[in-house]
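Shown next, in structure tokens, is the structure this report addresses.
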Amino acid sequence: MRKENFKKVIIAGDYRGDKIKPFILDCLKALKIKGEIVESNNENYVDATKNVVSKLNSDEACVLVCGTGVGVMMVANKFRGIRACLATNEETAYYARRHEDANCLCLPAGYFDGVVKLNLTKNRIEKIIKTFFTTEFEGGRHLERISVLNKLGE
């Protein structure tokens, strides 16, 4: 799945991601990518993610957001055909697309647990989104790995 084949990008997540969803949509618009926000309706991250990725078409991608980004990634990767990555920097976003053909970008809304503080600035999030959606899958030697990934859990 290549960037130019994403007809639409669905933006979803739990209530912690609600504040950042409009910004993500604006980032996609700047890249001339059609985006659609799915409201959380007070769903937890499991239900919000399940409701989006279970209906995702092969020509669509998604951006999922929760407090850490880990929860939505774990749920998304349970679904066939979904290759979700958590990206907190451009390098991770780049290689997730380039080598793993990721079709689901997971972002943290930011958290503070007394030990770890992660506050992604809007500038950094914008760079991650741009990197993810402008990087093409390399193919080649990576195709076999993607085939194996797709068969896991059958």
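Dipole magnitude of the chain about its Cα centre, charges +1 at Lys/Arg Cβ and -1 at Asp/Glu Cβ only, in debye to the nearest 20?
That gives a dipole near 240 debye.
To two decimal places, what compactness ratio does region 1-104 give when its Cα radius of gyration is scaled by 2.2 N^0.38 Å?
0.97
May I ask which residue of Cys106, Ile146, Ile128 lies farthest towards the positive end of the charge dipole of the chain, with charges of +1 (Lys, Arg) and -1 (Asp, Glu) on Cβ and the Cα centre as origin?
Looking along the dipole axis, the top candidate is Ile128.
Could you give the length gained on full extension between Lys29 and Leu152, defined as 0.36 nm per residue of separation minus the Cα-Cα distance, in nm?
Going from the current span to full extension adds 40.8 nm.
Place a point 7 Å from Cα of Lys55 in the direction of its Cβ. Which residues in region 18-46 have their backbone N less than 19 Å from it?
Label zone hits: 18, 21-22, 25, 34-46.
Can you give the FRET efficiency for Arg80 and Thr121, using 1/(1 + (r/R0)^6), R0 = 35 Å, r = Cβ-Cβ distance, to the nearest 0.05?
0.50
List, in order, the whole-Hz ³J(HN,Hα) value for each residue of region 69-76 obtained from phi through the Karplus relation with A = 6.51, B = -1.76, C = 1.60 and θ = phi - 60°; use x for Gly and Pro.
x, 6, x, 5, 5, 4, 5, 4
Amide H of Ile11: which non-local residues (sequence gap of 5 or more, or other chain) have their own amide H closer than 5 Å, using H built in the peptide plane?
For Ile11, the qualifying residues are Glu36, Ile37, Val38, Val63.
Which aspartates and glutamates, if any, have their Cα less than 18 Å from the Cα of Lys34, not counting same-chain residues under 8 positions apart?
Qualifying aspartates and glutamates at Cα under 18 Å: Glu4, Asp26, Asp59, Glu60, Glu126, Glu136.
With each run of n ≥ 4 DSSP H residues scored as -39500 (n - 2.57), what mean residue ellipticity at 222 nm is computed for the chain after dividing by its residue count and rounding to the nearest 500 deg cm²/dmol?
-11000 deg cm²/dmol
Every number in this text was worked out from the coordinates using simple rules, so none of it is lab data. Because the structure is a prediction, the values reported are computed rather than measured. Note that each Cβ is placed from the backbone with ideal geometry, even for glycine, and that neighbours are counted across all protein chains shown.
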